[in-house]
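Everything below concerns the one structure shown next.
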Amino acid sequence: MSQPLRSRRFQGKQRTPGSTTGAGLVVVDKPAGLTSHDVVARLRRILGTRKVGHAGTLDPMATGVLVLGVERATKLLGHLAMDSKAYLATIRLGAATTTDDAQGEVLSEADASAVPEEAIRAGITELTGPIQQVPSSVSAVKVDGKRAYARVRAGEEVELPARPVVVHRFDLLVLRREENATELDVIVECSSGTYVRALARDLGSALGVGGHLSALRRTRVGPFDLRAARTLEQLEDNSELSMDLGQAVDAAFPRHEIDLPSAAALSHGRRIPAAGITGPYGVFGPDGRVLALAVDESGAAKPLVVLAID
């Protein structure tokens, strides 16, 4: 069950730094028009705490799943496995833009109303699986320590190198013919670092008519999907966690349970035996409480984040 953070009459009071009370994840269904930082600011106000952070950004035009950590759960954000994401998107064929989406200026236009469906499906197939993708020039990729989009806004020309990504699924759901354009509703499941708007750009380019992303909704990131997500308005009315600290670790990492002597040793900073698990895992005590996030190293469990505070 979700744990209530506080009644709204207590909003604005600050929590004790590092507290595990009210610590956990909130999965937000982000509206269009807000940046990820805007959502963090709204949630800080709703929950009455400064200790809120997000795990991975979502473009302002996009909607859908944005995962936020609250209180001590912010320490989990850098370790969450967000290597798989899913989207519903609309691609508009017939125009290329400066940003590869509908918010950019049009660079070129062509009549795409009669592009054969077979050619569209063949182009989608070519963009499925392991591919080399050039990120959009207005992406958050860093160039010499500065975000690419910041350099573009400053008037610089930015050319980003291609990098390997994996598009696990790229399916055409609906095709709509319009005057001089064709719109495609698609579902995309991909690895972290994949830009759906770059898929739209590259599909339009391959078809010779140009293309850009006109709508994007993220339906899943890692193990977190829209079933757990709530709007900011819903959170204003009922400021509950989507999952508490233990539930969050259990959902996102393998679970390793230890006995009381090992739990006592861990609490005093002593080494405990390795779990034999590849990658980060959650360490849970005999009472079911989450104690730490750890990784095996040199035959012992090395704590990455200590979560239990007595």
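Remarks
- Length gained when the stretch Asp111-Thr278 is fully extended (0.36 nm per residue, less Cα-Cα span): 54.9 nm
- Sorted by Cβ density within 10 Å, fewest first, the residues Lys30, Lys302, Lys75: Lys302, Lys75, Lys30
- A dipole drawn for region 31-103 from +1 and -1 charges on Cβ atoms has a positive end, and of Val40, Gly64, Thr90 the residue lying farthest that way is Val40.
- Summary value for region 253-306: 34 percent relative contact order, contacts being C-alpha pairs under 8 angstrom separated by 6+ residues.
- Extension gain (nm, one decimal) between Gln234 and Asp185, 0.36 nm per residue minus Cα-Cα: 14.8 nm
- Here the chain is treated with +1 on each Lys and Arg Cβ and -1 on each Asp and Glu Cβ, and its dipole about the Cα centre works out to around 1520 debye.
- Distance distribution P(r), region 160-290, all Cα-Cα pairs, bin width 10 angstrom from 0: 9, 25, 22, 21, 14, 6, 2, 0 percent.
- The alpha carbons of region 34-122 stretch over 54, 26, 17 Å along the principal axes, in descending order.
- Anisotropy class of region 27-84 from Cα gyration tensor, a/c 1.5 cut: oblate
- Ranked by the mean number of other Cβ atoms within 10 Å per residue, highest first, peptides 176-186, 215-225, 59-69 order as 59-69, 215-225, 176-186.
- Each peptide among 102-111, 85-94, 233-242 gets the average number of other Cβ atoms lying within 10 Å of its residues, and from highest to lowest they stand as 85-94, 233-242, 102-111.
- At R0 = 45 Å, FRET efficiency that the Cβ-Cβ distance of Arg50 and Gln132 yields, to 0.05: 0.65
- The spread of Cα positions in region 197-253, taken along each principal axis and listed from longest to shortest, comes to 50, 30, 13 Å.
- Near Arg176: Cβ cut-off under 10 Å, other residues only, Lys/Arg at +1 and Asp/Glu at -1. The net charge is -1.
- Normalised Debye scattering of region 243-310 at q = 0.23, 0.28 Å⁻¹ gives log10 I(q)/I(0) of -0.95, -1.42, counting only Cα atoms as equal scatterers and leaving out solvent.
- Kirkwood hydrodynamic radius of the chain, from the reciprocal of the average inverse Cα-Cα distance over all distinct pairs: 21.4 Å.
- If you take all other residues with their beta carbon under 15 Å from the beta carbon of Gly288, and give Lys and Arg +1 and Asp and Glu -1, the sum is -3.
- For the chain, adding -39500 (n - 2.57) for each run of n ≥ 4 DSSP H residues and dividing by the number of residues yields -5500 deg cm²/dmol at 222 nm.
Read-outs: derived from the displayed coordinates by stated rules, not from any lab. Everything numeric in this text was worked out from a predicted model, so none of it was measured. Glycine also receives a Cβ, built like all others from the backbone with ideal geometry; neighbour counts cover every protein chain displayed.
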